[in-house]
Amino acid sequence: MNIPLDIIVEALSAFDPDVSGIRSDNTYAQLRLGPCACRGQGTLFVASAKAVNGTWIREGAGEGLVSIGVPAVAPDDLLVLPDTVPVADVFNCLQALFDMVNTCQVALMRAAAGGTYQSMIEIVQQHVENPVFFMDSGYRRIAMAPDRDIPGDSAWNHMRAKGFLPYDMFKRLKANRHFDEMNHCKDVSVKRWASFEHTSVTNNIHINNAFAGRVVFLDAFKPHSKRDVLLSEMLRDSLALKMSSDPAFQNIRGGGVLNTMLHELLCGVRMDKALVEDRLRGHKGWEGGFFWVLKVPLGNSDAQTFDYYTSAIGKKVEGISVLFNNTMVAVLRAPEPSAFEAVQKSVAVFLSECDLRGGLSNGFDSLTVLSMYHRQASLALTYTASRKRLCRYESCMLAHALSFCADETIQMLCHPLLPVLKRHDEEKDTRYFETLRAYLENERSLVKTAQAIHVHRNTLVYRLEKMKDLVSVDLDHPEVRLQLLLSYALVRQ
């Protein structure tokens, strides 16, 4: 493990506050302890060099040695402690530092491979001795330690109690221009941010160049040290490794707190209603209303194409689009359910103009069930003929329900009239089977049915009379009509 030299300087400053830094082009030095040649003078040299036959020889970057003694020729970039410093204590101090870092790194790698996020936080927290928490890009708590309140720190206490940072704190961060600074920072920072009562060591985690989470150390119990910065970076890298293979983080594309929440809901994450409502407060007008899910397969389209489609549909209907498993998932919103016809027409125009095919779910009134209605949109694409651009779940809901039936059940549920009509059509070259289906689907309207099957109204009336002669059936009875419609769906199935 490479340890920054300033951390070594910090550790050694406990022996002498005036310890000087190292003047070197090497940012890191891999330091090995012993065997050392101590000649009693008590001078310590730490550098990317080694003594050979009394002469110091520079090695390549990343190589190095800790030696106790006075070299024949001391390089000018070595760290030197006065003779008064006890050599054995310095040696033990450095050995403890290296052992701690190496032990911590090994434990983190094991936890990243087979442990939990909470175990990784606890591994580091015992060395930091300050509160540590890990949250995703939606500012939702993933893990934190210790599990107790911190007096006077409302952000920590709220996250511990509710599991997320509230929207009011985002407003404070934005008011102080800290929100974007925090999200776009790719290097570790030690700073007191708005909304936090303590100075924090903050490290952002990025997956595929998108902000995916954040590790925060708070100086609630003791001041931060340079060692905390190193441990924060180690924890960040280990968490990023684990997150990169976690399905919950595979579709992170940035875009803010609301987009992150939608990704999690689509992945099936169960989210508290209070959290969803809190996040919607940051999106004007989305506190209420009615929602639909539109799913549009994009194939191998790139992010630029997705952005174009997002812009195109945004001009026609209110909504938020996210890229999810190579599909565009648009969560559409209207103030009332009655707006469905207008939403549907806008979606149809969008799909036609962009030469796309999409599945549209039924409406719903709470984003907490987003995953279920995303499933509906997927099923609409599956059960609808490929030639159709707009596939509505309400049109294939019956086919979906019947997919759970066995073949013998389907035969048993069919109305006996349909086989009779089918056989008559084959023998007499008539069109009774399709005529009855159109008649039922158009709610027994003679005008609409005649238009649908392209015949004169009188021809339709004649066919209906002939069908009654074949089989006695009461089409005025709602249960009979339902069974017939169900039978037609079974035949399609």
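The values are calculated or read from the model by the stated rules, or taken from the named source; none is laboratory data. Since the structure is predicted, the reported quantities are computational estimates derived from the model, not experimental observations. Glycine also receives a Cβ, built like all others from the backbone with ideal geometry; neighbour counts cover every protein chain displayed.
Would you check if there is a residue in the range 451-471 being touching a His at 6+ places or on another chain (Cβ under 6 Å) and either among the acidic types (D, E) or in a helix (DSSP H, G or I) (or both)? Looking for residues that are touching a His at 6+ places or on another chain (Cβ under 6 Å) and either among the acidic types (D, E) or in a helix (DSSP H, G or I) (or both), one finds none in the range 451-471, hence no. May I ask you to list the residues in the range 323-342 that are small (G, A, S), at pLDDT below 90 and touching a helix residue (DSSP H, G or I) at 6+ places or on another chain (Cβ under 7 Å)? Result: A334, single match. Every listed requirement among (1) in a loop (DSSP other than H, G, I, E, B); (2) farther than 23 Å from V343 by Cα; (3) at pLDDT 80 or above is met by F404 save one, (3). Applying a threshold of 6 Å to beta carbon distances and a minimum spacing of six or more residues, or different chains, the list of pairs starting in the range 409-433 at a residue that is in a helix (DSSP H, G or I) and ending at one that is small (G, A, S) and modelled with pLDDT under 90 reads L418/S487.
When residues in the range 268-318 are screened for being assigned to a helix (DSSP H, G or I) and small (G, A, S), 5 of them pass. Check whether at least one residue in the range 366-383 is crowded, with 17+ Cβ neighbours inside 10 Å and outside any helix (DSSP H, G or I), and report yes or no. Within the range 366-383, none of the residues are crowded, with 17+ Cβ neighbours inside 10 Å and outside any helix (DSSP H, G or I). Only residues that are free of Cβ contacts under 8 Å to residues at least 24 places away in the same chain and in contact with a helix residue (DSSP H, G or I) (Cβ under 7 Å, 6 or more places away or on another chain) were counted in the range 313-322, giving 1. The C-beta contact set for the range 436-457 (first residue more than 22 Å from S472 (Cα to Cα), second residue at pLDDT 90 or above and not in a helix (DSSP H, G or I), distance under 8 angstrom, 6+ apart or interchain) comprises K448/N442; A450/H456; A452/N442; I453/R431. Of S352, S346, all but one fail to be over 26 Å from M261 (Cβ atoms) and either of a type in the set (S, T, N, Q) or modelled with pLDDT of 85 or more (or both); the exception is S352. Exactly one residue among R160, R214, R192, R148 is surrounded by fewer than 16 Cβ atoms within 10 Å (Cβ to Cβ) and at pLDDT 85 or above, and that residue is R148. Within the range 213-230, residues that are in contact (Cβ under 8 Å) with a residue 12 or more places away in the chain sit with their Cβ atoms under 6 Å from residues that are crowded, with 17+ Cβ neighbours inside 10 Å and among the aromatic types (F, W, Y), at 6+ positions apart or across chains, in these pairs: V215/F134; V216/F133; D228/F217.
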